[in-house]
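Only one structure is covered here, and it is reproduced in the block below.
Any read-out appearing in this document is the output of simple, stated calculations on the displayed coordinates, not a laboratory observation. Keep in mind that what you see is a predicted model, and the values were worked out from it rather than measured. Note: ideal-geometry Cβ built from the backbone for every residue, glycine included; neighbour counts use all protein chains shown.
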Amino acid sequence: MLKSVCVVMIVHKSEILGVRKKINWDEFIEKVRPIVEDVRKRGDSALIEYTEKFDGVRQRYIRVPKEEIDSAYDKVDDDLIDALEIAKKNVERFHSITAVDRDIKIDFGDCVLGKRYTPIENVGVYIPGGNKSYPSTALMAGVPAKIAGVDRLIACTPPNRDGVVNPLTLVACDIAGFDEIYAVGGAQAISAMAYGTETIKPVEKIVGPGNVYVTAAKLLVQKDVAIDMPAGPSEIVVIADESAKAEFVALDCLAQLEHDPLALAIVLTTSKDLAESVDRMAGENVKIAIVDSIDEAIDISNRIAPEHLSIVCRDAERYLDKVRHAGSVFIGEYSPVACGDYASGTNHVLPTSGYARIYSGLSVETFMKHVTYQKLTKSALKRIGDAVIKLAKAEGFEMHAKSVEVRLREE
């Protein structure tokens, strides 16, 4: 059992919507702006200087040599490599099945309308690193990108204290199919991917999690390159009734709090006994509220729009259709969030800070765009031509109207 604590963090349900700490992104954007601009101007030399300044290491390289990637396999336990392969297989299976042919072609008789999906050609992934390794992020971003058909997939990740990339991260990147790996992190890495340096060619979209400085840099450069989503501290909402196991609930909350001092963990429960048990086990950083019903809990959760939502109650699955805003949902007592973080097959790069109201997690669609097309016969042009002409003239575009009129006059 978890160690009991004395601090009581059961709050009134009316207070729950106010417990998320807001981040002043403008403040952090101004902090990273000089770094982003300096890297844009000075390229590799600025990357090297900032890596030494912020990470305290002198890089041995900017781009990781192939021989170092190959030798990384000898430095990683076979059991870990097997775990990466299992995770990759499950992520690949899920994203491949969801990546069914989206192309649409509709024949209306006198005209054909359609939509074709094509991959983004150049994508950069930020993978947190330094003296820790986050190989799961390489899989979560790399696998769906390659399924989508991205031509050039690069990774930027901070070097460790020896000035090299962690071997476990290298193995994960290699297994996921990255084409290039760079030993650079922080806001300087985002700038390098957005604008390029002597060594790093720019990309068209940047994805992946990072700290507030990395996210601020992504927000700053998004006027020039696409990004996946803003990413704040990790968060979880657990909805539970008296049937839930308090220890499971507490551990799922504590697991998310491992990520960041600003991480958020909320429990919404219909059971006073469960609330008190989780409170004793989990401590002051988990906010707990007693609600009148599971439906009320779902409503509160939709207003929070959490990154992770765990539903642990009787007939939990029947509440899934009522969830409108969440990054990823975990149903039942044997679906810990940790499985989604690593190996069940969905994705752990998810919207936080309430952005689940308007953003989705990483998927194959993240790395694709679509092109529409149309083919009209003369009869189709006659059918809609008069409407086109009238609307074009109403907007003052005479040549738009004339481009149709001249075709309609043709015998």
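Among Asp241, Asp82, Asp252, which one shows the biggest mean-square fluctuation in a GNM of the chain, springs joining Cα atoms closer than 10 Å?
Asp82
If one computes the Cα centroid of the range 212-278 and of the range 118-178, what distance in Å separates the two points?
Distance between centres, Cα-based: 24 Å.
What is the range 198-297 by shape, rounded, prolate or oblate, if you read a ≥ b ≥ c off the alpha carbon gyration tensor as root eigenvalues and call it rounded for a/c under 1.5, prolate for a/b larger than b/c, and oblate otherwise?
Working: a/c = 3.91, a/b = 2.78, b/c = 1.41.
Prolate, because a/c is 1.5 or more and a/b exceeds b/c.
Using a Gaussian network model of the chain with C-alpha springs under 10 Å, which one of Thr366, Thr157, Thr377 is most mobile by mean-square fluctuation?
Thr377
Just need the relative contact order of the range 293-411 here, percent rounded to a whole number, with Cα pairs under 8 Å and 6+ apart.
Values: 123 pairs, mean separation 22.6, N = 119.
Over the range 293-411, the number comes to 19 percent.
Taking a 30 Å limit on the Cα-Cα distance, which of the listed pairs Lys88/Lys201; Lys89/Lys375; Lys22/Lys88; Lys21/Lys272 fall beyond it?
Numbers: Lys88/Lys201 27 Å; Lys89/Lys375 41 Å; Lys22/Lys88 34 Å; Lys21/Lys272 26 Å.
Result: Lys89/Lys375; Lys22/Lys88 exceed 30 Å.
Any chance you could get the radius of gyration and Dmax over the Cα atoms of the range 372-411, in Å?
Here Rg and the maximum Cα pair distance are 10.3, 29 Å.
Work through the residues other than Ala83 whose Cβ is under 14 Å from its Cβ and net out their charges, Lys, Arg +1 and Asp, Glu -1.
Values: positive: Lys88, Lys89; negative: Asp77, Asp78, Asp79, Asp82, Glu85, Asp341.
With Lys, Arg at +1 and Asp, Glu at -1, the net is -4.
For labels at Ala83 and Leu381 in the simple 7 Å Cα→Cβ model, what's the distance in nm?
With each label point 7 Å from Cα toward Cβ, the separation is 6.5 nm.
For the chain, what is the calculated [θ] at 222 nm in deg cm²/dmol (nearest 500), taking -39500 (n - 2.57) for each run of four or more DSSP H residues and dividing by its residue count? Provide the component values of the computation, followed by the final result.
Details: 14 runs with 169 residues, N = 411.
Helices in the chain give a 222 nm mean residue ellipticity of -13000 deg cm²/dmol.
What percent antiparallel are the DSSP beta bridges of the chain, to the nearest 5? If you can, show how the numbers build up before the last one.
Numbers: 14 of 50 bridges.
Looking only at bridges with both residues in the chain, the antiparallel portion is about 30 percent.
Apply the a/c threshold of 1.5 to the C-alpha gyration tensor of the range 45-124 and tell me whether it is rounded, prolate or oblate. Display every interim value, and only then the final one.
Working: a/c = 4.20, a/b = 1.82, b/c = 2.30.
Taking the square roots of the gyration eigenvalues as a ≥ b ≥ c, the range 45-124 is oblate.
Please report how far the C-alpha centroid of the range 18-47 lies from that of the range 53-91, rounded to the nearest whole angstrom.
About 27 Å separates the Cα centre of the range 18-47 from the one of the range 53-91.
With a cut-off of 8 Å between alpha carbons and a minimum separation of six or more residues, what is the relative contact order of the chain in percent? Kindly include the intermediate steps, with their values, before the conclusion.
Numbers: 847 pairs, mean separation 86.6, N = 411.
Over the chain, the number comes to 21 percent.
Given C-alpha coordinates of the chain, what is the ratio Rg to Rh with the Kirkwood estimate of Rh?
Values: Rg = 25.2 Å, Rh = 23.8 Å.
That ratio is 1.06, to two decimals.
If you place +1 on the Cβ of every Lys and Arg, -1 on the Cβ of every Asp and Glu, and leave all else neutral, what size is the dipole of the chain about its Cα centre, to the nearest 20 Debye? Kindly include the intermediate steps, with their values, before the conclusion.
Details: 51 positive and 62 negative charges, 319 e Å.
Taking the Cα centre of the chain as origin, the dipole is about 1540 debye.
Taking each pair of distinct Cα atoms in the range 162-257 once, what is the resulting Kirkwood hydrodynamic radius in Å?
Details: mean 1/r = 0.0620 Å⁻¹.
Radius from the Kirkwood sum: 16.1 Å.
State to the nearest 20 debye the size of the charge dipole of the range 25-227 about its Cα centre, where the only charges are +1 on K and R beta carbons and -1 on D and E beta carbons.
480
Output the direction-averaged projected area (hull surface divided by four) of the convex hull of the alpha-carbon atoms of the range 25-227, in nm². Spell out each step's value before the answer.
Details: hull surface 52.9 nm².
It is 13.2 nm².
Could you work out the local net charge near Ile288, counting Lys and Arg as +1, Asp and Glu as -1, over the other residues with Cβ closer than 9 Å to its Cβ? Present the calculation step by step, with values, prior to reporting the outcome.
Details: positive: Lys287; negative: Glu276, Asp279.
Result for the local shell: -1.
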